[in-house]
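Data first, discussion second: the structure below is written as structure tokens.
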Amino acid sequence: MPEKENQKRLWNVGLGAGLMGALLLAFKYVMKRPTTAPVPDTISSKVFTTKVLHTSRGPIVYHESGSGQPLIFVHSICLGGSSYEWSKIYPEFATGQRVIALDLIGFGESARPNLQLGAADYVRTMAEFIRSTCWEQPPILIGSGLGAGFCVYLATQHPELVARLVLLSPTGSNDFGRQDLALNLKLASRVPMLNRFVYRNRQSTKLAVHAWLAKCAFVNPDLVTSEMVDVFTTCAQQYGAEYSMLNLQSGMLNFDLEARFNMLTQPVTLLWGNKSTNPPMEMAFRFHAAIKNCNLVTLQNTGVFAALESPQQVMDALREELQNKLRVYKS
């Protein structure tokens, strides 16, 4: 009997040592700085010049070309997000206008600091960016998703910095894709070390990125290309990219977008894919009613990533809406 107890005790000690070793190995892997692959050249158009502007939260990388009325394209806040989201659109507007496509802090090629950044921090860096790059006249902001929400926030806080807004499926919360997160991922978002491990080994893999684009971002999954998967995955796997996603998943980027809409003085165009589920088309009608000077343009058979899924349709809508005079249609 004592011999069996000793064997059991030894087995428990060995199991505990094995688990401790596994935890230490996982900890070592989590803390190891990952190898950073270069961002593919397809992230921006070849005719654009890539520049860097230093802000209070770190350097912002942006792509610029053309002259005239500034148009600033702002990407959504999402896994592997970057200015690439608008790369099929913005080069078409560089003739006769000054076009700028930026990577927000924490995304693309911009700085990815280990900081708890909220919506106000993003608005602050965007204001710094505009003051430094658009001193001659205020720009037209063209944004999508939560990036579009930040544009609204900025326009209400600093109305002198924004001439007009074009918003593709704007949101003021981090609920885009959140409902699809498994419970373990939600728990991981509250534990930084666990979040980093899950992010590197599950969320940001090429397989996971492709599945996310096909399921959540595109209406027609057949339109997801290998180029898109490559760019989103590479951006998602950059060192420090998990910090911005931790801020997103923990709710730090949430703000009341609808309240901000009621404060707007600038003309607004809402672009909305009729197949969008998050945010749904019902929100488009609600926002349209809340904004004083607003057009609503419905995009057919597309969703929140219409700039990549249906670029020609988005370009046509932008050309129509960016005429000198805003024509407002309200029932």
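The values are calculated or read from the model by the stated rules, or taken from the named source; none is laboratory data. Values in this document were obtained by computation on a predicted structure and should not be read as measured data. Don't worry about glycine lacking a Cβ; one is built from the backbone with ideal geometry, like all the others, and counts go over all protein chains shown. Keep in mind that these areas ignore ligands, DNA and RNA; they rest on the heavy atoms of the full protein, side chains included. Shrake-Rupley method; radii C 1.70, N 1.55, O 1.52, S 1.80 Å.
Leaving out ligands and nucleic acids, note down the accessible area per residue over region 188-297 with a 1.4 angstrom probe, in whole Å². All intermediate terms of the calculation are to be shown ahead of the outcome.
On the way: 4830 Å² over 110 residues.
That works out to 44 Å² per residue.
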Check: By the gyration tensor of its Cα atoms, with a ≥ b ≥ c the square roots of the eigenvalues, what is the shape of region 194-308: rounded for a/c under 1.5, prolate for a/b over b/c, or oblate?
Finding: oblate
Check: In nm, to one decimal, how far is the modelled label at Lys51 from the one at Gln157, with both set 7 Å along Cα→Cβ?
Finding: 2.3 nm
Checklist line | Inter-label distance for Ala211 and Asn301, nm, one decimal - labels placed 7 Å from Cα along Cα-to-Cβ | finding: 2.8 nm
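Which loop chymotrypsin sites (Phe, Trp or Tyr not before Pro) in region 223-294, with loop taken from DSSP, have no more than 14 other Cβ atoms within 10 angstrom of their Cβ?
Numbers: sites: Phe232, Tyr239, Tyr243, Phe255, Phe261, Trp272, Phe285, Phe287; in loops: Tyr239, Phe255.
Sites meeting the loop and neighbour criteria: Tyr239.
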Check: Protein chains only, probe 1.4 Å: how do Asp121, Asp103 rank by accessible area, largest first?
Finding: Asp121, Asp103
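Could you rank Ser144, Ser65, Ser132 by how accessible they are, 1.4 Å probe, largest area first? List each step's numbers first, then the result.
Details: Ser144 0, Ser65 30, Ser132 60 Å².
From most exposed to least exposed: Ser132, Ser65, Ser144.
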Note to self: 5 Å is the cut-off here: which amide hydrogens, built 1.01 Å from N in the peptide plane, fall below it relative to Thr269, excluding neighbours closer than 5 in sequence?
What the structure shows: Leu165, Val166, Leu167, Asn295
Next item on the list: Could you list which residues have their amide H under 5 Å from that of Ser144, counting only those 5 or more apart in sequence or on another chain, with H placed in the peptide plane?
Entry: Val74, Ser76, Leu168
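Taking 32 Å as the cut-off for C-alpha to C-alpha distance, list the pairs among Lys215/Lys292; Lys51/Lys275; Lys46/Lys206; Lys51/Lys215; Lys51/Lys206; Lys206/Lys292 that go past it. Could you put the intermediate results ahead of the total?
Numbers: Lys215/Lys292 35 Å; Lys51/Lys275 36 Å; Lys46/Lys206 25 Å; Lys51/Lys215 34 Å; Lys51/Lys206 28 Å; Lys206/Lys292 43 Å.
Correct reply: Lys215/Lys292; Lys51/Lys275; Lys51/Lys215; Lys206/Lys292.
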Notebook entry, point to check: So for Arg124, Arg164, what's the accessible-area order with a 1.4 Å probe, most first?
Noted result: Arg124, Arg164
